Amino acid sequence: KGGEGRSLPRSSWDERLADAVTPLWRFPYQEQLQVKYESQKKILQTLASCLEELGVGTQHPGGLCCPLQPIVPSPVINGYRNKSTFSVNRGPDGNPKTVGLYVGTGKARNIVCVKANHMENIPLKHKRVAQCYEDFIRHSPLDSCLLFHKGGHWRELVVRTTSYGHTMAIITFHPQDLGQEALATQKSLLKEFFMCGPGAVCALTSLYFQESTMTRCSHEQAPFQLLHGEPHIFEEVLGLKFRISPDAFFQVNTAGAEALYQAVGELGQVGGDTILLDICCGTGAIGLSLARRVSKVIGIEVVEKAIEDARWNAAFNGISNSEFHSGKAEAVLPQLLSSWEDARPVVAVVNPSRAGLHYRVVRAIRNCRSIQRLLYISCKPEGEAMRNFTELCCPPDPGKKLLGDPFTPTLAIPFDMFPHTVHCELVLLLTR
């Protein structure tokens with residue numbers, strides 16, 4: 001079902017993986033959109049109920065907290081991901097050096113790593129790099145690292161690609177007790193494999209290596225070591241060129257991101273006297289794509305390398321009305337807004353992780369009178385974002401230091417950034 005040149009998975013394991021990661025893959029695309037639209041309706045109904053309990057009457061037809069526009073479809077339906085993360089673990093045949101995606105859970109102790117060959121959302125180039133990495137580690141005398149305390153070394157693979165044809169591979173390796181000489185040998189072998197050996201078919205633009213003793217490490221905790229190629233890859237969005245570092249956030253669906261960013265500008269009603277406050281800005285894509293329509297762009301991002309990218313992106317694209325701050329938003333934003341006396345209107349855009357915004361960020365936004373329009377972009381609005389929505393829209397609460405006038409949900413637009421999955425990106429416009 002679904003067309004678009006789909007080839008059905010060939011085995012029960014392929015189907016189990018597809019059902020686990022992309023549970024809507026069997027549905028025609030229009031049906032996928034309908035499923036997601038209904039789920040967004042339920043989220044807005046839940047928010048309406050939460051606000052009603054707080055004495056805020058916002059209900060619209062259908063019990064929604066605000067009007068919900070039709071879901072915006074993804075311009076690309078298959079192979080749209082520009083970033084894929086592959087795990088290393090036991091495959092269905094028991095081989096501990098299988099590179100793929102997980103089926104099962106750690107709690108149930110039934111995790112199996114299945115190759116992603118038939119996943120519709122992952123491009124062929126990512127699958128090719130994953131297969132080459134698997135070939136390499138299967139010929140390596142070193143074990144894969146299934147559990148940190150049980151030893152082993154070979155871990156995750158991240159692949160990033162762009163419309164320019166660039167490909168970045170990032171290999172995560174647990175050093176355990178290996179010495180520097182042994183580590184240097186492994187790095188040399190990896191480089192040789194991907195540059196001159198069988199892995200050369202991947203035509204990597206960048207090959208990175210990270211020695212990590214934790215599940216996830218930032219560049220500051222465990223530096224990304226460039227083994228070969230260029231330190232960055234590049235992407236184009238809305239006519240601007242963006243530089244991307246190994247751990248910098250960038251929307252995984254580039255074509256979908258263009259539609260999303262255009263809508264942000266329209267919903268924000270930005271103009272020549274507007275200051276655009278881009279919180280959790282990543283490489284600056286949202287702010288910079290709108291910079292020529294506003295007076296000033298101010299971006300905040302916790303990943304230091306992403307801020308370096310954002311500043312480079314601004315300079316390269318000839319954008320001089322932007323400034324970017326590195327640090328946790330809960331530390332940077334309150335300080336930035338505490339003495340805010342600029343008379344220009346402020347439109348704030350927040351695009352946090354699934355953990356949502358820190359309470360101090362919500363409080364700083366709420367208590368800044370200059371912010372009259374807020375665009376909250378969330379890939380999981382039913383999660384922690386729901387708490388943020390209620391804090392932004394509840395009546396003033398001196399006990400929680402929420403003193404500013406409450407925001408009101410005004411309009412919601414879902415964007416399908418993740419075809420075949422149950423997820424989408426919800427843009428909620430809040431005004432006061």
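The values are calculated or read from the model by the stated rules, or taken from the named source; none is laboratory data. Given the structure is predicted, the values throughout are model-derived calculations rather than measurements. Here Cβ is always computed from backbone atoms with ideal geometry, including for glycine, and neighbour counts include all displayed protein chains. What goes into the accessible areas is simple: the full protein's heavy atoms, side chains included, and nothing from ligands, DNA or RNA. Shrake-Rupley method; radii C 1.70, N 1.55, O 1.52, S 1.80 Å.
Before moving on, here are some points about what is shown:
- Residue match in the stretch 338-354 (condition: in contact with a strand residue (DSSP E or B) (Cβ under 7 Å, 6 or more places away or on another chain), among the small types (Gly, Ala, Ser) and assigned by the TED database to the domain that holds residue 383): yes
- Positions within the stretch 271-290 being among the polar types (S, T, N, Q) and farther than 17 Å from residue 245 by Cα, in sequence order: 274, 289
- Residue check for residue 87: touching a residue at least 60 places away in the same chain (Cβ under 8 Å), in the same structural domain as residue 215 (by the TED database) and crowded, with 16+ Cβ neighbours inside 10 Å: yes
- Verdict on residue 349 being open to solvent by less than 20 Å² (accessible area, probe 1.4 Å), part of a helix (DSSP H, G or I) and closer than 30 Å to residue 79 by Cα: no
- Number of the condition not met by residue 380 [criteria: (1) open to solvent by less than 60 Å² (accessible area, probe 1.4 Å); (2) at pLDDT 90 or above; (3) within 22 Å of residue 248 (Cα to Cα)]: (1)
- Unmet criterion (only one of (1) open to solvent by 40 Å² or more (accessible area, probe 1.4 Å); (2) touching a Cys at 6+ places or on another chain (Cβ under 8 Å)) for residue 202: (1)
- Candidates 387, 432, 363, filtered to the one that is among the charged types (D, E, K, R), over 29 Å from residue 20 (Cβ atoms) and surrounded by fewer than 19 Cβ atoms within 10 Å (Cβ to Cβ): 432
- Among the residues of the stretch 153-177, those that are of a type in the set (S, T, N, Q) and either assigned to a loop (DSSP other than H, G, I, E, B) or at pLDDT below 95 (or both) comprise 162, 163, 176.
- Verdict on residue 196 being more than 25 Å from residue 288 (Cα to Cα) and touching a residue at least 60 places away in the same chain (Cβ under 8 Å): no
- No other residue among 369, 373 is among the basic types (Lys, Arg), assigned to a strand (DSSP E or B), assigned by the TED database to the domain that holds residue 270 and under 23 Å from residue 269 (Cβ atoms) apart from 373.
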